[in-house]
Amino acid sequence: MAYGGDRVDSERFRVILALETSCDDTCAAVVTEQGEIRSNVISSQGVHDRYGGVVPEIASRHHLELIGDVVDDALRQAGTSLPDLNLVAVTCGPGLVAALLVGVATAKGLAAAHELPLAPVDHLHGHVAAAFLGPVPFEPPFLTLIASGGHTLLASVSSHGPDYEVLGQTLDDAAGEAFDKGARLLGLGYPGGPALERLARDGDPDAFEFPTARRLGGLDFSFAGLKTALLYRIRDLGPDEAERLRADLAASYQRAIVESLVIRVERALLQTGLERLSVGGGVAANGPVRDRMRSLGIELHVPPRELCTDNAAMIASAGRFVDVLSYPDYLDLDVYATGERTLIAR
Ligand code: KG4
Ligand code: ZN
């Protein structure tokens, strides 16, 4: 169905444009109020590879260069245009301030030009709200595991949000960070998760024993010891052996991350009595993570890979459930870098 200027239809099918620029992906999406994805454009910045991680100033500059075209593509693919929108949603944090500012400034400009309301969205609420998108939304209550490059948390989801009861989170590195740091130790590029997963396919996950911080008890995660264990194992093996056993190291390391996640998920299911699980964030794109969660035998929702890694469709989804700001109340809306102001707080 086209949205080209049919005002009657646009009343029936409210349309949201969302922007997401919290890290190194420049994203725009058009989603209906019912959660149907009309377009979901993601432009990944390949330039950070040579630095082994995301450089905030470079990410910001690339967002500036890309955002106009990405928004145009999202509108064109959705068959809609700015005057037909009903709401603009944007990620305000947590993330890289200079990167977030590009999305928020663009969203303010687009919304203000058409006097549209604006929905300020928390990035983590977005990852949770990916589950609420069509064609078959996963409805609360459920347990959610969000594992990304910046965050690893378990939360009890009893509503569409934005407030959730956080049950556990990482005490040091995030799960995606553990993938990225391990990949770096194994000589792989950034982002390390997909590269490590590929290398691990040829390896034996039982070849080495790596720690899962099982003794930590409770529902918090810790990945710093795992990364150090890999570092020492590579040193002990020496360069030639480590090179020969690279795939085994990758497979065993990946397995430790996966089991570390599964241990906490199983504990949380037991503790809460919840019997349904949603998994999100970039690490949920990982095949063994998806397979292992499936093996738990409970009702499971894992979004398609493009909705696990950063995207704007999830931000539009969350935008449906936050208090929106009317024009011009959002003109002084600010961004935030850390989880302190996140809407999802313990
Ligand atoms: O959610 P996301 O796209 O961005 C953040 O909010 O951080 O997650 C990115 C993280 C990176 O650490 C990346 O290495 C990891 O997700 N990741 C993966 C895979 N795809 C992305 N980790 C393991 N296996 C994958 N296939
Ligand atoms: Zn993310």
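The values are calculated or read from the model by the stated rules, or taken from the named source; none is laboratory data. Since we're looking at a predicted model, the values are computed, not measured. FYI the Cβ positions are ideal-geometry reconstructions off the backbone, even for glycines, and counts take in every protein chain you see.
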### Message
Being away from ligand 2 (no atom under 16 Å from the Cβ), in a strand (DSSP E or B) and under 18 Å from Val258 (Cβ atoms) is the filter here; which residues of region 155-203 pass it?
### Response
Gly168
### Message
When the residues of region 85-103 are narrowed to those that are in contact with a Leu (Cβ under 9 Å, 6 or more places away or on another chain) and not in a strand (DSSP E or B), which ends up surrounded by the fewest Cβ atoms within 10 Å (Cβ to Cβ)?
### Response
Asn86
### Query
Cβ-Cβ below 8 Å, separation at least six or inter-chain, first residue in region 23-34 and in a loop (DSSP other than H, G, I, E, B), second among the acidic types (Asp, Glu) and within 16 Å of ligand 2 (Cβ to nearest atom): which pairs?
Cys23/Asp310
### Task
Looking only at region 178-193, decide whether some residue is of a type in the set (Ser, Thr, Tyr), in contact (Cβ under 8 Å) with a residue 12 or more places away in the chain and within 21 Å of Gly281 (Cα to Cα).
yes
### Qualifying positions in region 35-48 - part of a strand (DSSP E or B) and either β-branched (Val, Ile, Thr) or at positive phi (or both)
Ile37, Val41, Ile42
### Query
Of the residues that make up region 315-333, is at least one away from ligand 1 (no atom under 13 Å from the Cβ), within 30 Å of Gly109 (Cβ to Cβ), of a type in the set (Ser, Thr, Tyr) and touching a Lys or Arg at 6+ places or on another chain (Cβ under 9 Å)?
yes
### Leading residue by the ranking (surrounded by the fewest Cβ atoms within 10 Å (Cβ to Cβ)) among those in region 122-143 that are in contact with a helix residue (DSSP H, G or I) (Cβ under 6 Å, 6 or more places away or on another chain) and over 22 Å from Val90 (Cβ atoms)
Phe138
### Query
Has region 245-266 got at least one residue that is closer than 30 Å to Leu87 by Cβ and more than 15 Å from ligand 1 (Cβ to nearest atom)?
no
### Query
Regarding Thr106, is this residue more than 16 Å from ligand 1 (Cβ to nearest atom) and outside any loop (DSSP other than H, G, I, E, B)?
yes
### Message
Taking the criterion of being in contact (Cβ under 8 Å) with a residue 24 or more places away in the chain and at positive phi, would at least one residue in region 132-142 satisfy it?
### Response
no
#### Entry: Filtered residues of region 271-290 (kept if within 12 Å of ligand 1 (Cβ to nearest atom) and surrounded by fewer than 21 Cβ atoms within 10 Å (Cβ to Cβ))
Gly287, Pro288, Arg290
### Considering residues of region 109-121 that are within 13 Å of Leu333 (Cα to Cα) and buried (at least 20 other Cβ atoms within 10 Å of the Cβ) only, the residue nearest to ligand 2 (Cβ to nearest atom)
Val121
#### Entry: helices (runs of 4 or more DSSP H) completely within region 226-335 that count 1 or more residues being outside the structural domain of Leu118 (by TED's automatic domain parsing) and over 22 Å from Val71 (Cα atoms)
246-272, 287-294
### Message
I'd like the full set of residues that are more than 20 Å from Thr91 (Cβ to Cβ), surrounded by 15 or more Cβ atoms within 10 Å (Cβ to Cβ) and basic (Lys, Arg), limited to region 292-328.
### Response
Arg292
